[in-house]
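The values are calculated or read from the model by the stated rules, or taken from the named source; none is laboratory data. Just so we're clear, the structure is a prediction, and the values are computed from it rather than from any experiment. A quick note on method: Cβ atoms are made from the backbone with ideal geometry, for glycine too, and the neighbour counts reach across all protein chains shown.
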């Protein structure tokens, strides 16, 4: 497990609850207690109304692919064996977008508008990465 | 009309460059020294006249203004430093213009020097501290998922743009093809062969939907522009090229650096955005309208950025740019020539400053067979909303 060669997210006090919950296979988002909106990436204040009153709540884990790409060039040695691999942005049903990847289907099926549901990849001992699957294959 | 006291108060009085190429034997600082000497000679100034430094240094040296001043034996009293990003070209020019207009310096040397090919494996790889820093870099990099190079962000932007508006890779090809046509008329251009639609379409996919020729060159080279007050510039050797109007780069949740405003990348809202008055300040400051622009120059690290720039300044409507650039419209002799020396896609990647030097040559009437007839107002403007309007 400690031999994970790919970059891991750099976790800060603002993002720690997000990554802690993922290790327990839960997706949570920071919601604003004043204006009610959720935001990503997790920040120090509500970016919409500047309130300090943030509260973490579960998200449904479902969303829609808003954009995607397939990487064909091995820029990073640790990803060389994965080429070609996809990276997507998913617009969660709560509104914010999350960058991740889609598993469980060929890259040829990637499309803006595709419905997806979260999956959890226990990539390294200390980090679980969110990934997504197409809804019908979940 | 609002008064804009900085209009036409600063000018580019000299330009110089090193050779542009791949795997050049000279160091980055040596390339910069060549460009600075050429610029001083061009302006009829000496090293002792330079009392300001606005640096936009690149790979792999970083941003050390003091190392630059020490190496070239300068004695400066005003400094601004950015690092090599297209988003900071305008900042570097604007700060130089403001410094000379405010009396903080007499002559500011804007210095860009790049040695990309010395350590090219770093770009987008494990040694790329920019792309792998906290939360990734500015271009949507997401290192845990292997999106580690700036091209990835441009791909995310273009992919959604294509899905929303039906634009195609074949339409996008018109951008690098036009810039190659310009480059074939430029003696400095690294690329010497024509680019056809067929060769664009058959080239390898790099990061879908960007193919090889949608991605800029990785080269070495240096460029220097000397900025001084308009009054001083009029007494020097060359015809002054005035900084006539300008506006800064945009940032906020409505923005993603490699997408039109409100396209829906990262946390952008989704809306068909059109520029309003505050998005077009540079024209108003210069006392002109958009239709008075005789040529447009932009940071073309990836071909979609050219489309997004056209929409940003309202040369066409949202979602229309891919069609708008067809039929030679931005090529040599076109209705709106863009990046007439070939840009980053076909001349060289000198951080965009190769295009700033080309603007100056054009406004001096010294662009040879690339000359835009009666060029009066030329614009530098980027997909992220900043602009400088130059006039002669």
Any idea which of B:160, B:87 is farther than 23 Å from residue B:348 by Cβ and crowded, with 17+ Cβ neighbours inside 10 Å? B:160
Selection from the range B:18-52 of residues under 19 Å from the mean Cα position of the chain (by Cα) and not in a helix (DSSP H, G or I) yields B:18, B:19, B:20, B:21
Of the residues in the range B:4-19, those that are in contact with a helix residue (DSSP H, G or I) (Cβ under 7 Å, 6 or more places away or on another chain) and closer than 29 Å to residue B:118 by Cα number 5
Inspect all residues belonging to the range B:306-315 and state whether any of them is over 15 Å from residue B:381 (Cα atoms) and either free of Cβ contacts under 8 Å to residues at least 24 places away in the same chain or out of contact with any strand residue (DSSP E or B) (no Cβ under 6 Å at 6 or more places or on another chain) (or both). no
Of all the helices (runs of 4 or more DSSP H) wholly in the range B:169-242, which have at least 3 residues that are over 23 Å from residue B:325 (Cα atoms)? B:230-234
All but one of (1) surrounded by 14 or more Cβ atoms within 10 Å (Cβ to Cβ); (2) within 10 Å of chain B (Cβ to nearest Cβ); (3) part of a loop (DSSP other than H, G, I, E, B) hold for residue A:113; which doesn't? (1)
Might you let me know whether the range B:1-17 holds any residue that is in contact (Cβ under 8 Å) with a residue 60 or more places away in the chain, closer than 14 Å to residue B:224 by Cα and assigned to a loop (DSSP other than H, G, I, E, B)? no
Are any of the residues in the range B:134-149 assigned to a loop (DSSP other than H, G, I, E, B), surrounded by fewer than 18 Cβ atoms within 10 Å (Cβ to Cβ), without any contact (Cβ under 8 Å) to a residue 12 or more places away in the chain and within 14 Å of another protein chain (Cβ to nearest Cβ)? yes
Please go through the range A:1-55 and give me each residue that is in contact with a strand residue (DSSP E or B) (Cβ under 8 Å, 6 or more places away or on another chain), over 20 Å from residue A:93 (Cα atoms), more than 14 Å from chain B (Cβ to nearest Cβ) and free of Cβ contacts under 8 Å to residues at least 24 places away in the same chain, ordered by number. A:51, A:53
Do the conditions hold for residue B:69, that is, is it closer than 23 Å to residue B:19 by Cα, away from every other protein chain (no Cβ under 14 Å) and not in a helix (DSSP H, G or I)? no
Given the criterion closer than 23 Å to residue B:362 by Cα and either surrounded by fewer than 23 Cβ atoms within 10 Å (Cβ to Cβ) or away from chain A (no Cβ under 14 Å) (or both), identify the matching residue among B:271, B:286. B:286
Would you confirm whether or not the range A:94-111 contains a residue that is over 29 Å from residue B:164 (Cβ atoms) and at pLDDT 95 or above? no
Considering each of B:190, B:224 in turn, give the residue that is within 30 Å of residue B:43 (Cα to Cα), in contact (Cβ under 8 Å) with a residue 60 or more places away in the chain, touching a strand residue (DSSP E or B) at 6+ places or on another chain (Cβ under 8 Å) and in the same structural domain as residue B:58 (by TED's automatic domain parsing). B:224
How about the range B:243-278: which of its residues are in contact with a strand residue (DSSP E or B) (Cβ under 8 Å, 6 or more places away or on another chain) and touching a residue at least 60 places away in the same chain (Cβ under 8 Å)? B:243, B:244, B:245, B:246, B:247, B:258, B:264, B:265, B:266
What number of residues in the range A:81-100 are facing chain B (nearest Cβ under 10 Å), out of contact with any helix residue (DSSP H, G or I) (no Cβ under 6 Å at 6 or more places or on another chain) and farther than 14 Å from residue A:39 by Cα? 7
Matching residues, the range B:50-61, being surrounded by fewer than 18 Cβ atoms within 10 Å (Cβ to Cβ) and under 15 Å from residue B:108 (Cα atoms): none
